[in-house]
Amino acid sequence: MDFDANTPRYLLKKENIIKLILLTAVFALLFINVFQPFNSRSWLPEMSEFKYFLLSSLLVFVGMAVVAVSRIILYRVYGKPRKPLLLLAYVMWVACEVLAMAITFAVIEKLCFADQRDFFNLLKISLGNTACVLLLPYSILWLYFSWDDKNERLKRIQEAGHGLFGGQDFMPSMVKFCDNHGEVRFSVKVTDLIYIKGADNYIIINYIDGQRLLTKTVRGSIKGAVDELKRYGIVRCHRSYMINTHRIKLLEKKSDGFHVTLDTFQPVSIPISRTYLQDVFDLFSNK
């Protein structure tokens with residue numbers, strides 16, 4: 001595992017974070033009540049099974065509240081702004097979650113149940129319990145999210161392939177550009193499209209025709225075209241640019257930041273802003 005690499009984006013997706021919190025809570029509840037790790041049931045022998053279940057449910061709720069707060073912070077900082085997060089930092093974040101939950105449980109055991117054992121001894125036991133409760137479902141869900149992400153990528157590749165060579169004649173599909181009223185103003189083959197530049201209320205489409213690099217201006221905005229063009233492999237890399245990922249030839253870091261060079265007879269270099277850097281990295285590494 002390369003800890004200097006960036007954390008996979010699927011671990012920072014909002015829907016996956018919600019799944020992780022809910023499924024980990026279910027696992028923790030089953031684990032504590034069914035397997036009773038470290039003979040925890042013997043700690044309260046006089047308590048009925050129903051009351052033990054309610055107590056364990058309360059403890060799981062408190063513990064998962066700690067995880068939920070941690071994941072909300074993680075998403076706020078690294079999810080929406082699309083900031084890169086090193087894998088080592090993510091692993092350390094998880095370790096801090098385990099430690100925070102263990103401390104919480106140890107404090108509850110000491111204060112609420114008047115446990116006479118030394119606090120650090122309780123913390124040691126709590127760390128073992130918490131590591132089992134969190135790390136096992138975390139690992140399983142990591143594998144599942146990775147599998148799901150690969151399936152989603154494969155689906156997009158298949159859709160792009162169908163779009164490029166769909167139909168009985170296996171002719172490349174045409175990308176249609178509409179104005180603000182939804183009327184088609186211009187169409188071009190996906191294979192001929194190079195990049196798109198936004199300029200005020202217009203988009204400038206750069207494409208090749210034979211040995212010439214031409215442009216076509218259509219009234220509209222890059223923001224409004226992002227979702228429609230994504231299925232063709234055309235993604236946003238800058239507030240003013242979208243690029244055809246099928247045309248990426250080179251990715252390099254210059255003095256003013258990262259740039260991609262597009263594969264044409266006249267090399268074209270397009271800047272990549274920090275906001276969209278991880279998106280381009282992900283696509284570039286899978287080409």
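The values are calculated or read from the model by the stated rules, or taken from the named source; none is laboratory data. In this text, all values refer to a predicted model and were calculated from it rather than measured experimentally. Neighbour counts run over all protein chains shown; Cβ positions are idealised from the backbone, glycine included. Note: areas computed on protein heavy atoms with side chains; ligands, DNA, RNA excluded. Shrake-Rupley method; radii C 1.70, N 1.55, O 1.52, S 1.80 Å.
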Residue count, region 261-287 (criterion: open to solvent by less than 80 Å² (accessible area, probe 1.4 Å), over 28 Å from Leu11 (Cα atoms) and in contact (Cβ under 8 Å) with a residue 40 or more places away in the chain): 4
- request: Among residues belonging to region 231-260 that are on the phi < 0 side of the Ramachandran plot and assigned to a loop (DSSP other than H, G, I, E, B), point out the one that is most open to solvent (accessible area, probe 1.4 Å).
  value: Arg239
So Thr264, is it at pLDDT below 85, part of a helix (DSSP H, G or I) and of a type outside the set (A, V, I, L, M, F, W, C): no
Residues being over 12 Å from Arg236 (Cα atoms) and modelled with pLDDT under 85 - total across region 267-280: 1
message: Yes or no: region 215-228 includes at least one residue that is modelled with pLDDT under 80 and of a type outside the set (Asp, Glu).
response: yes
- prompt: Under the condition of being in a helix (DSSP H, G or I) and polar (S, T, N, Q), which residue from region 27-67 is modelled with the highest pLDDT?
  reply: Ser57
